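The values are calculated or read from the model by the stated rules, or taken from the named source; none is laboratory data. Everything numeric here is computed off the predicted structure, so don't read it as measured data. In this analysis, Cβ positions are derived from the backbone assuming ideal geometry, glycine residues included, and neighbour counts consider all displayed protein chains.
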Amino acid sequence: MDHSPKHYTEMCRLVAGAGKRDWDELTAERGAQLMEGLAVMGCKRSGWDQACQPGPAPGCRSLRLTPSGGGQVLEYPDLFVFAAGHPPSPYDHPVPGGQGLAVPYCQDGKYSSLVLQKGLRLYAVGWLERPGFVTGHVPDVCVEALVAAHATKIVSDGTRGIHTCTLCGEILPQLQWRDQTIQLQGHGHYLIQMDKTVYIAPELLLHYIREHSYCPPQEFLRGTIHGAFLGVDDLEITWSSRVR
């Protein structure tokens with residue numbers, strides 16, 4: 001239902017009031033809303049309803065439609081600093097709760113969101129869409145750390161869409177590393193904390209490094225070795241009475 005927040009909200013309200021409705025009538029209405037919501041086309045990376053898609057993140061270098069008209073493409077310069085309090089996501093909209101946590105997304109008419117701990121600032125790394133980025137050697141120890149974190153430390157931004165590599169057009173690329181084959185999904189991102197800095201990098205980062213020779217900033221590379229990879233359990237949960 002990430003294609004349409006409006007339908008998701010209405011379905012949540014139906015469930016919240018389930019005890020006051022006829023069961024057959026309730027299930028029929030919920031099924032109709034589900035099918036309507038699934039029919040809404042999401043944009044290429046955000047997965048949100050095109051009619052209510054979020055605006056560009058503050059200060060992003062580029063916001064444009066893909067050549068096929070498939071949705072928004074966001075680019076950030078390396079070490080771009082997001083505004084204080086920005087969601088742990090490349091998008092402006094909140095990151096919904098749930099995501100395997102004991103706390104659900106919707107509970108008692110309120111909606112959970114995941115946020116960074118207070119005092120942390122978010123920096124962008126590796127949000128590539130076209131040539132012109134820095135290339136060079138990335139130490140194996142850094143690649144090893146990213147590979148090791150991939151299975152459990154990729155944080156979803158709450159959408160259902162996947163991102164194709166716009167540099168080569170590959171969909172769902174695989175990475176061969178030592179004796180491992182890593183399936184990349186083009187969805188979600190790394191969060192790596194060093195002191196009060198949190199670097200946010202796309203899940204396709206390993207593809208960019210290994211296949212396109214992208215070299216992230218040295219601060220980020222040090223973070224993969226000496227910092228901490230954050231997962232959803234490391235984020236704080238806030239509650240709101242409405243979908244923001």
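For segment 127-162, give me each residue that is outside any loop (DSSP other than H, G, I, E, B), under 17 Å from residue 225 (Cα atoms) and not charged (D, E, K, R).
Once the filter is applied, which keeps residues that are outside any loop (DSSP other than H, G, I, E, B), under 17 Å from residue 225 (Cα atoms) and not charged (D, E, K, R), segment 127-162 yields 141, 142, 143, 145, 146, 147, 148, 149, 150.
Look at (1) free of Cβ contacts under 8 Å to residues at least 40 places away in the same chain; (2) surrounded by 19 or more Cβ atoms within 10 Å (Cβ to Cβ) and you find that residue 116 fails only one, number (1).
Residues checked against (1) in a strand (DSSP E or B); (2) touching a residue at least 60 places away in the same chain (Cβ under 8 Å):
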{"site": "164", "(1), (2)": "no, yes"}
{"site": "172", "(1), (2)": "no, no"}
{"site": "182", "(1), (2)": "yes, no"}
{"site": "208", "(1), (2)": "no, yes"}
{"site": "216", "(1), (2)": "no, yes"}
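Output the residues belonging to segment 103-127 that are in contact with a Pro (Cβ under 8 Å, 6 or more places away or on another chain), modelled with pLDDT of 90 or more and either within 17 Å of residue 184 (Cα to Cα) or not β-branched (Val, Ile, Thr) (or both). Selection gives 116, 122, 124, 126, 127. If you check residue 205 against the conditions, is it closer than 17 Å to residue 76 by Cβ, assigned by TED's automatic domain parsing to the domain that holds residue 88 and at pLDDT 95 or above? When the stated conditions are applied, residue 205 passes them. Taking segment 174-222 as the range and being aromatic (Phe, Trp, Tyr) and under 20 Å from residue 156 (Cβ atoms) as the test, the residues that pass are 190, 199, 208. For segment 218-233, give me each residue that is assigned to a helix (DSSP H, G or I) and free of Cβ contacts under 8 Å to residues at least 40 places away in the same chain. Result: 218, 222, 223, 226.
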